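Working notes for the structure below.
The values are calculated or read from the model by the stated rules, or taken from the named source; none is laboratory data. Please read these numbers as outputs of a predicted model, since none were measured by experiment. FYI the Cβ positions are ideal-geometry reconstructions off the backbone, even for glycines, and counts take in every protein chain you see. Surface areas here come from the heavy atoms of the whole protein model, side chains and all, with no ligands, DNA or RNA. Shrake-Rupley method; radii C 1.70, N 1.55, O 1.52, S 1.80 Å.
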Amino acid sequence: MASLNSDPLWWHDAGSPAAPEPEPLPKDVEFLVVGAGHTGLSASRTLAKSGKAVLALDAGAPCSGASSRNGGMIGGGHRLSIRQVEKQYPPDTAIPLLRESYIDSLDFALQLMKEEQIECDYAETGRFRAFWQKSEYDEAEGELARLQELVPVDAEMLPRSRQRDEVGSDLYAGGIVYFRHGGLNPAKWTFGIRDAARRAGALVQGHTRVHSIRRHGSGFVAATSRGTVKAGHVLIATNGYTPPAFSELKRRTIPVPSFIVATEPLGSNRIKDLFPNGRMIVETRERHCYFRPSPDGSRIVFGGRAAMVQVPEAFARREMRWLLAQVFPDLKGVGLTHSWRGLTCFTFGMSPHIGEIAGVWHAMGYCGNGNALAPYLGHKAALRMMGDAEGETAFANTEFGTKWWHRGIPWFMPAADALFRIRDVRSNMRNVRDRRMRAN
């Protein structure tokens with residue numbers, strides 16, 4: 001097989017993440033932020049704009065994690081169904097949770113782009129959520145109606161008879177169009193937040209690993225690879241890249257790799273045939289495939305769950321080629337130019353969470369929906385750390401528990417991957433059966 005570029009396609013236009021020039025670390029700082037992606041940089045910006053002394057540290061180059069590696073889709077949404085949210089939480093949590101997920105987080109992201117003049121190839125394309133099985137349509141229709149009773153979500157059901165208006169594939173059983181969703185270059189997006197934080201006065205440093213954080217009087221002492229730093233307040237914003245040193249957070253989160261490929265340029269006419277309205281496409285099967293036109297409209301960016309654990313590149317590439325050809329049979333054998341991966345972060349409650357453990361703050365667990373939620377919750381975390389009432393958020397009330405058998409290292413993921421593959425075979429069989437029945 002020909003060698004593919006292992007860097008994200010996004011870096012081709014935005015440039016590779018690079019750490020700022022090293023500066024001496026302050027001995028004392030008011031606010032220490034650990035992790036310089038969407039969450040940490042947004043929090044740093046809010047703190048710095050409020051006149052606070054902020055130090056943001058990243059173990060690698062800032063912005064080099066999932067913030068610049070994801071599929072470049074932005075919008076509202078929630079992994080839990082409306083029925084699950086209403087069952088799991090009381091109304092005074094459930095309704096604000098839905099509003100923040102679907103409305104407020106996207107509004108914040110768009111306002112941030114405007115205020116900081118962040119050019120990130122953003123376009124309000126809309127998103128098509130494609131159903132894997134026919135049985136999902138009727139249930140989703142009722143759920144969308146209930147959601148729209150609670151929050152003003154601009155969306156509509158799309159039957160299979162109109163599916164080709166949105167995606168050039170017969171694989172699905174209709175879906176939902178969310179009109180306010182959009183696409184962007186996630187590297188340009190996170191670089192823009194980084195630059196905004198630095199303009200506001202935050203000191204952002206890379207290649208500085210935080211080994212431990214311990215109480216010291218009314219504050220904390222962080223031991224880093226470049227010495228110790230005293231801090232009055234600490235925010236951990238490491239999401240899927242949380243190291244074992246932060247064991248209480250590591251036990252509450254599950255890193256899951258997501259794999260993405262980019263096709264060779266296919267031409268604008270062919271892309272238009274496959275994406276008639278230029279939508280972002282996500283599907284409901286457990287493979288969680290998501291795909292979209294590139295910002296220039298010349299190629300396809302295609303992501304999904306090739307595995308639930310890290311696998312060799314040849315295996316990942318083979319899986320992604322198969323999935324791409326399953327969705328678009330005419331693209332079997334199409335050339336690929338890029339193949340990369342990043343870590344998403346799931347929680348047992350399937351929701352992000354803001355809070356503090358032993359006085360150390362955290363915001364994480366975006367379950368694959370971070371381009372809007374992560375900057376939003378970074379901002380909220382910063383406000384809460386400062387004691388600002390505007391930091392009120394339903395995500396402080398979501399579940400953030402663990403299981404007794406999860407001690408920090410996700411030893412159970414290989415078994416989960418094997419189970420996932422069995423379920424995937426059965427799911428594919430049901431999909432084939434549904435399509436045959438519709439054909440007859």
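Before moving on, here are some points about what is shown:
- A 1.4 Å probe, protein heavy atoms only, puts the accessible area of Lys272 near 120 Å².
- Each 10 Å bin from zero holds the following percent of Cα-Cα pairs in the stretch 58-120: 18, 35, 30, 16, 1.
- Taking every DSSP bridge with both residues inside the chain, close to 70 percent are antiparallel.
- log10 of Debye I(q)/I(0), alpha-carbon scatterers only, for the stretch 8-87 at 0.13 Å⁻¹: -0.58
- Of the residues Met386, Met308, Met280, Met437, ranked by 1.4 Å probe accessible area with the largest first, the sequence reads Met437, Met386, Met308, Met280.
- For Lys272, the lysines whose Cα falls under 21 Å of its own Cα, not counting residues fewer than eight places away in the same chain, are Lys332.
- For the chain, the longest principal axis of the alpha carbon atoms and the long axis of helix 313-327 meet at an angle near 50°.
- The stretch 148-203 shape via C-alpha gyration tensor axes, a/c threshold 1.5: oblate
- GNM flexibility winner over the chain from Leu331, Leu249, Leu323 (Cα, springs under 10 Å): Leu331
- Figure note: Thr39, Thr337 ranked by solvent-accessible area, largest first, 1.4 Å probe, ligands and nucleic acids not counted: Thr337, Thr39.
- Cα gyration tensor shape for the stretch 152-280, rounded if a/c is under 1.5, else prolate or oblate: prolate
- Rounded if a/c under 1.5, otherwise prolate or oblate - the stretch 83-189, Cα gyration tensor axes: oblate
- Largest to smallest accessible area among Tyr122, Tyr178 [probe 1.4 Å]: Tyr122, Tyr178
- Rounded D (µm²/s) - the stretch 210-286, Kirkwood Rh over Cα pairs, Stokes-Einstein at 10 °C, 1.306 mPa s: 93
- Calculated accessible area for the chain comes out at 42 Å² per residue, all protein chains present (probe 1.4 Å; ligands, DNA, RNA ignored).
- Whole-percent carbon and sulfur share, accessible surface of the chain, 1.4 Å: 50
- Nearest 10 degrees, 0 to 90: helix 186-200 Cα axis against the chain principal axis: 20
- Paramagnetic reach from Asn277 (point 7 Å along Cα→Cβ, amide N under 13 Å) across the stretch 125-155: 125-130, 154-155
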